[in-house]
Structure formats: C-alpha cells, structure tokens
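**Student:** Before we start, here is the structure in question, set down as structure tokens.
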Amino acid sequence: MAKIPLREKIGYALGDAAAGGITWKVMSIAFPLFFTNVFGLTIADTATLMLIARMFDVITDPLMGSLADRTQSRWGTYRPWLLFGAVPLGLVFSLLLCTPDFGPVGKRIWAYTLYLLMMVVYTAVNVPYGSMLGVMTEDDNEKNQFSSFRMVGAYAMGFVTLLSFPYLQKLVGGTAQHQYAVLGAFFGLLATLGTLACGLLTRERLKPVRAEKFSLKPFANLFRNRPWIYLTLVGIGMNFFNGFRYAVAGYMFEYCLKGDVTLSGLIINYTVFMTFGELTCMVFGGLSPVFTKWIGSKRKAFQVAVIISGVASAGYYFIPMDPSYIWLMIAMVVITSVGVGLFSPLLWSMYADVADYATEKNGTSSTGLIFSSGTMAQKFGTAISGSLVALFLGMAGFVSGTDAATGQTVVTITDETSVGQMIWALFSLFPTAITVIMMVLVHLYPIKK
C-alpha cells in the first residue's frame with residue numbers, strides 16, 4: 001500500500017483531540033468538583049450519576065459498535081458518524097456545564113438527563129472513530145503510527161485545555177457558574193470543529209467483511225475471544241488508574257494544598273498541575289512506536305510502561321502534603337506520565353490486533369464492536385473511579401448539596417484530616433494497586449505481537 005500522507009494522520013489526531021483532549025478531559029478532571037462545589041449536587045448524587053451512566057454505557061457501547069459495523073453510506077462505514085455527530089457532541093457538552101437556576105430536584109433532573117445524553121452522543125462519535133483504525137490501513141506499522149498520532153492529539157489538546165482553564169476563568173470573570181458556562185460553550189465549539197475536521201481529512205481504504213444481517217452471534221463471539229477479554233480488562237484498569245488521579249486532583253488542591261499555588265506568576269491549580277502530565281504523555285505517546293520496536297513486542301513494552309507508572313505513583317504518597325513540595329509533586333507526576341504516555345497508544349494498536357484475530361477466526365468483521373469495548377472500558381473505568389472517589393470522600397467526611405431555600409451550593413468537611421488522607425491515597429496508592437492488576441492481565445494476554 002502507498003504511504004499514508006501526514007495530513008491524514010493529523011486529521012485522525014484531531015478526532016481524539018476533540019473527544020479525548022477536550023470533552024473527556026474536562027469530564028474526567030473538572031466534573032466531580034464541578035458537580036459538588038459549583039453545580040450543587042450532593043456527593044451521593046454525584047457518585048450515583050456516574051455509576052448509572054456507566055451501567056447505561058454497558059448497553060449502548062456494544063450496540064453502537066454493531067450499528068457502526070453495518071453502516072453503509074457514500075462517506076464510508078464509520079466516517080459519517082463523525083461528520084453528523086460533531087455538532088451534537090459540542091452542543092450537549094456546552095449545556096452540561098451550565099448551572100440552571102433550579103432547586104435541588106430540578107438540578108438533579110438536569111444533571112442526570114444531560115449527562116446520560118452526553119454519554120450517548122460521545123459513544124455515537126467515539127466508537128466509530130476508534131473503529132476507523134481497522135479500515136484505514138492493513139499495515140501494522142501504519143496502525144501504530146495512527147494510534148500514536150491519536151494519543152499525541154489527545155494529550156496535546158488536553159495540555160492546552162488544562163493549562164488555559166484557570167486563565168480563561170480569570171478572563172471570563174463573574175461567578176464560578178458563569179465561568180464554567182462560558183468555557184463550556186467555547187470548548188464545545190472547539191470539540192465540534194475538531195470532530196468535523198477528522199471526518200473530512202481521513203479515508204477508509206478497507207471494506208469491512210459485513211455480516212448479512214443483525215445477529216447476537218458477534219456479541220457471543222466476544223466472550224469466546226480470550227485476547228478481547230484480557231485486553232478489555234486491561235483497558236478498564238488503565239482508565240481506573242487515570243480516573244482516580246483525574247477525579248481527585250481538584251479536591252487535592254482545594255483540601256490538601258489549601259488552594260492554588262502561585263510560583264513566579266504561574267498559577268498552579270489542579271488543571272495546570274495535571275497539564276505537566278499531559279505534556280509528558282504527549283511527548284512519550286509520540287515515542288511509543290520507537291519504544292515498542294526497541295523492546296521487541298507490544299505486550300512487553302506495555303508491561304515496562306505500567307511498572308514505571310506504578311512505582312512513581314506509589315512514590316507520590318510519601319511526599320509531604322505541603323505546597324512547598326509542589327515541584328517534587330510535579331516531578332513525580334511527570335515520571336508517572338512517562339509510563340502512561342508509552343502504554344496508552346499501545347492499547348488501541350492491540351485492539352486492532354484483536355479485531356484482526358476476530359475477523360480471521362469468525363469470518364466476518366466485528367471491528368466496530370471490538371473497538372466499542374475500548375471506549376466502554378474508557379468510560380466505565382473513568383466514571384466508576386469518579387463515582388468511587390465521591391463515595392470514599394463522603395465516607396471520609398465530605399458533605400455537599402444545594403440549600404433548598406437559597407439555591408446556593410453548600411460544602412461541609414466534618415473531618416479535615418480524614419478527608420485529606422483519603423484524597424492523597426486516591427491520587428497515589430489506589431492507582432498503584434490498579435497497576436499490579438494490569439501487570440497480571442497483560443501477562444495473560446495471549447497475542448504476542
């Protein structure tokens with residue numbers, strides 16, 4: 001096959017820049033703190049909302065994958081979902097960051113409705129987006145490059161989003177609710193444009209081997225596919241690892257470090273803090289194909305990268321809970337992100353291998369269905385970890401809600417020491433435990449590429 005032009009790889013990267021670098025990054029990092037401290041949901045409602053949404057995704061993601069596999073249009077099999085889903089993605093995201101002037105019940109209905117709708121729209125765009133990797137090329141090296149470009153796009157945009165967030169809030173001014181609403185509209189527009197650009201700049205070169213009609217057989221085949229089972233569990237673990245850290249970062253600055261840290265004019269809040277990790281992931285995501293070639297196999301490269309992240313994450317726990325150690329905290333986040341940047345692209349490249357394995361074994365393509373499990377793992381791991389963060393904080397003594405009389409958000413900490421220690425462990429020890437589980441699962445993964 002002819003070498004794929006650079007502009008197409010950049011176009012593919014824009015798809016995850018929009019979905020992963022903007023919408024999902026804000027949802028992972030800002031939403032837990034936004035819902036409890038700005039929007040006014042109780043900690044229990046926040047945990048329940050994320051849990052219900054994930055159970056919902058268990059159904060919608062595989063169905064979307066199967067539907068995408070059977071789509072036939074002049075734009076291809078998977079691209080039309082990006083072209084026509086771009087506007088709804090940005091619009092619903094914008095509305096979700098608005099805080100209506102409702103009481104506790106009205107706010108609960110608004111949050112639940114918009115959050116579930118956001119999950120549907122995100123699924124309708126992101127499952128076909130991931131599935132495109134299986135039909136743009138059959139060259140394994142090109143797949144690795146597309147996957148690497150995807151991760152670089154996501155992390156580069158995540159870097160821009162998180163770094164700019166506190167400065168844009170200051171520029172917008174007004175209340176926190178006003179700031180989030182304006183930034184929601186701004187970043188929603190960027191997400192729409194990035195998704196459209198991805199759909200317009202990419203090509204589908206391979207024709208999926210379609211099943212003649214809808215059947216439950218592909219779903220049953222998944223659970224007989226050992227590589228898929230292990231890789232999906234690895235994907236869930238990977239997103240638990242990231243999800244704990246992202247979801248608790250805002251609380252860490254608010255209740256452990258007692259607010260933003262300012263150094264030489266640089267405002268380091270929780271989004272800027274995580275930006276150092278995003279930049280590192282962007283660099284090492286680009287180096288992932290070289291690293292994999294040097295190690296000799298995807299599986300071994302994944303294992304080495306997970307060890308790096310696990311050891312650094314454990315080390316973070318022993319840093320004193322004091323703003324004067326902020327650069328040591330940043331250094332440990334950077335080392336953790338070296339591993340994350342190396343293993344993140346590998347996951348999607350390995351899903352392409354699983355899709356090829358399934359096609360060879362079953363005779364028909366289930367690429368969309370298999371890649372949908374990757375996005376399901378992403379959403380399941382991230383949101384369940386976010387739900388657990390809310391649950392554990394509530395157990396430690398964090399109480400939030402909306403005053404029924406005034407409509408104002410109220411936050412109460414009944415035990416500051418317990419809450420602080422829980423936050424610190426959720427950012428370090430909980431992710432470390434996840435890396436141990438991931439190591440076992442990757443060791444059992446049977447494809448040796």
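**Student:** Determine whether region 3-11 contains at least one residue that is farther than 21 Å from Phe244 by Cβ and either within 17 Å of the chain's Cα centre (by Cα) or crowded, with 20+ Cβ neighbours inside 10 Å (or both).
**Tutor:** Yes: region 3-11 contains one or more residues that are farther than 21 Å from Phe244 by Cβ and either within 17 Å of the chain's Cα centre (by Cα) or crowded, with 20+ Cβ neighbours inside 10 Å (or both).
**Student:** Same structure, new question: Do you know which residues across region 199-243 are modelled with pLDDT under 85, buried (at least 21 other Cβ atoms within 10 Å of the Cβ) and either in contact with a strand residue (DSSP E or B) (Cβ under 8 Å, 6 or more places away or on another chain) or over 25 Å from Arg299 (Cβ atoms) (or both)?
**Tutor:** Pro208, Pro218
**Student:** Let me ask another. Restricting attention to region 244-258, which residues are open to solvent by 20 Å² or more (accessible area, probe 1.4 Å) and more than 13 Å from Leu426 (Cβ to Cβ)?
**Tutor:** Those that are open to solvent by 20 Å² or more (accessible area, probe 1.4 Å) and more than 13 Å from Leu426 (Cβ to Cβ): Glu254, Lys258.
**Student:** Need the failing condition index for Ala433 against (1) touching a residue at least 24 places away in the same chain (Cβ under 8 Å); (2) surrounded by fewer than 20 Cβ atoms within 10 Å (Cβ to Cβ); (3) hydrophobic (A, V, I, L, M, F, W, C), just the number.
**Tutor:** Failed condition: (1).
**Student:** In a helix (DSSP H, G or I) and open to solvent by less than 10 Å² (accessible area, probe 1.4 Å), is that true of Asp45?
**Tutor:** The answer is no for Asp45.
**Student:** For Val152, work out the one condition from (1) among the β-branched types (Val, Ile, Thr); (2) at pLDDT below 90; (3) open to solvent by less than 10 Å² (accessible area, probe 1.4 Å) it doesn't fulfil.
**Tutor:** (3)
The values are calculated or read from the model by the stated rules, or taken from the named source; none is laboratory data. Keep in mind the model is a prediction, meaning the values are calculated, not measured. Note that each Cβ is placed from the backbone with ideal geometry, even for glycine, and that neighbours are counted across all protein chains shown. With ligands, DNA and RNA removed, areas are computed over all heavy atoms of the protein, side chains included. Shrake-Rupley method; radii C 1.70, N 1.55, O 1.52, S 1.80 Å.
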